[in-house]
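First comes the structure, then the notes that go with it.
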Amino acid sequence: MRWQQQLNMVKPKVLVNHQDKVTFLNGYLRSELIKYFDIVDYSPDERYMASEYTVLASIHPDKNAWADNLIQDGAKLVYDCLWENHLSDQLKTQYPNVHVACCKSYFWINEYYLNQSQRYNNYLPDKNYTYLALLPIRQSKPHRKQLLTALAPWLDSIIYSTVDQGRFLPNDQDESTGSFQRHFDPDWYNSTYFSIVAESITCSHYNLHVTEKTFKPIAYYHPFVVFGQTGILAYLHELGFETFENLFDESYDTEQEQSKRLSRIVENVANFESQPYDDATWQKLNHNHNLFYNRACVEQMFVNDIVNPILEYAETQ
């Protein structure tokens with residue numbers, strides 16, 4: 001395999017800047033990445049031989065201007081599109097001579113390593129079934145406001161947040177803390193029957209974009225419905241995860257029109273039978289948890305989809 005060959009070679013030098021937030025700066029991922037790359041932290045006081053470096057920069061021009069001179073002098077450029085895979089095809093067309101680092105299942109990889117670092121993988125359910133559902137929302141985008149409006153009759157039985165409007169989940173961390181967005185409280189999952197996932201994107205003309213919002217219930221033994229793009233459940237099936245057709249009408253996943261997709265999701269909430277999980281549901285929950293934390297599977301994706309393409313680009317003449 002490509003990465004095995006790399007063990008006997010000099011690691012490519014990858015230059016990163018702490019002012020330009022990129023994936024290689026994540027502490028829980030950096031320990032994995034240094035197996036394959038010599039990660040160098042940029043300093044404006046240092047002089048760099050551009051031809052020796054591959055620059056890893058964000059896709060946002062206002063943040064990556066620090067690398068302009070190095071690129072002009074011959075350094076290779078990698079745009080970090082791992083967090084924004086929905087834009088990757090557009091960037092590849094716009095910048096044909098730049099490597100666009102992207103991975104459709106990046107958030108599975110990211111959440112796996114993050115949860116391991118925080119020991120969230122040790123969570124075991126202790127169900128008390130107090131509330132109907134869990135609905136965490138940080139930013140009130142238009143489609144999420146539509147979702148909350150449609151769910152108004154059931155909100156008293158839903159644990160939900162709209163952080164940008166000052167509503168937090170019970171016992172949540174302060175938003176100013178670095179780990180706020182990934183904070184985990186077992187009671188959010190123990191006290192609810194299922195998650196309502198309000199994904200980042202619902203427009204299907206973008207590349208399919210499945211974020212940590214969908215992978216959280218998978219990691220934490222929770223059934224779920226997803227208000228996102230068409231085909232998210234089908235994609236999860238491709239990855240090997242199971243969804244919950246025994247609890248919900250999952251035909252919403254094939255609905256192209258957003259308003260109809262939303263209506264079907266709301267119908268699922270309205271029609272949900274509040275009963276303790278049966279054996280079939282527990283089987284699915286355990287399967288998903290075990291697959292999500294399958295180290296060999298995650299490492300293979302990490303190497304094949306992220307590491308090897310950057311290595312090959314860094315070594316091209």
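The values are calculated or read from the model by the stated rules, or taken from the named source; none is laboratory data. The shown structure was predicted, so the numbers you read here are calculated from the model rather than taken from an experiment. Reconstructed Cβ throughout: ideal geometry from the backbone, glycine too, with neighbour counts over all protein chains shown.
Being without any contact (Cβ under 8 Å) to a residue 60 or more places away in the chain and closer than 30 Å to THR243 by Cβ is the filter here, so list the residues in region 300-317 that pass it. Correct list: GLN300, ASN304. Restricting TYR220, TYR206, TYR189, TYR235 to residues that are over 25 Å from SER140 (Cβ atoms) and not small (Gly, Ala, Ser) narrows the list to TYR235.
Rundown of residues vs (1) of a type in the set (A, V, I, L, M, F, W, C); (2) within 21 Å of LEU135 (Cα to Cα); (3) assigned to a helix (DSSP H, G or I), yes/no style:
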position: LEU233; (1), (2), (3): yes, yes, yes
position: GLU267; (1), (2), (3): no, yes, yes
position: GLN275; (1), (2), (3): no, yes, no
position: GLU299; (1), (2), (3): no, no, yes
position: PHE302; (1), (2), (3): yes, no, yes
position: ILE306; (1), (2), (3): yes, no, yes
position: LEU311; (1), (2), (3): yes, no, yes
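Kindly indicate whether any position in region 274-290 is in contact with a strand residue (DSSP E or B) (Cβ under 7 Å, 6 or more places away or on another chain) and outside the structural domain of ILE34 (by TED's automatic domain parsing). Scanning region 274-290, I find at least one residue that is in contact with a strand residue (DSSP E or B) (Cβ under 7 Å, 6 or more places away or on another chain) and outside the structural domain of ILE34 (by TED's automatic domain parsing), so the answer is yes. In this structure, GLU175 does not satisfy being charged (D, E, K, R) and modelled with pLDDT of 95 or more. Per the listing HIS205, HIS209, the residue uniquely assigned to a loop (DSSP other than H, G, I, E, B) and crowded, with 17+ Cβ neighbours inside 10 Å is HIS209. For region 1-44, the tally of residues that are more than 24 Å from HIS60 (Cβ to Cβ), modelled with pLDDT of 90 or more and either more than 27 Å from the chain's Cα centre (by Cα) or surrounded by 12 or more Cβ atoms within 10 Å (Cβ to Cβ) (or both) stands at 6.
Residues are listed down the side, and each one gets a yes or a no for (1) surrounded by 14 or more Cβ atoms within 10 Å (Cβ to Cβ); (2) in contact with an Asp or Glu (Cβ under 9 Å, 6 or more places away or on another chain); (3) not in a loop (DSSP other than H, G, I, E, B):
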site	(1), (2), (3)
ILE109	yes, yes, yes
ASN128	no, yes, no
ALA133	yes, no, yes
GLN139	no, yes, no
GLN146	yes, no, yes
TRP154	yes, no, yes
PRO170	no, yes, no
ASP174	no, no, no
GLN181	no, yes, yes
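Looking only at region 203-219, residues that are more than 15 Å from the chain's Cα centre (by Cα) and at pLDDT 95 or above come to 0 in all. Residues in region 174-200 that are under 17 Å from LEU147 (Cβ atoms) and in contact with a helix residue (DSSP H, G or I) (Cβ under 6 Å, 6 or more places away or on another chain): SER195, VAL197, ALA198, GLU199.
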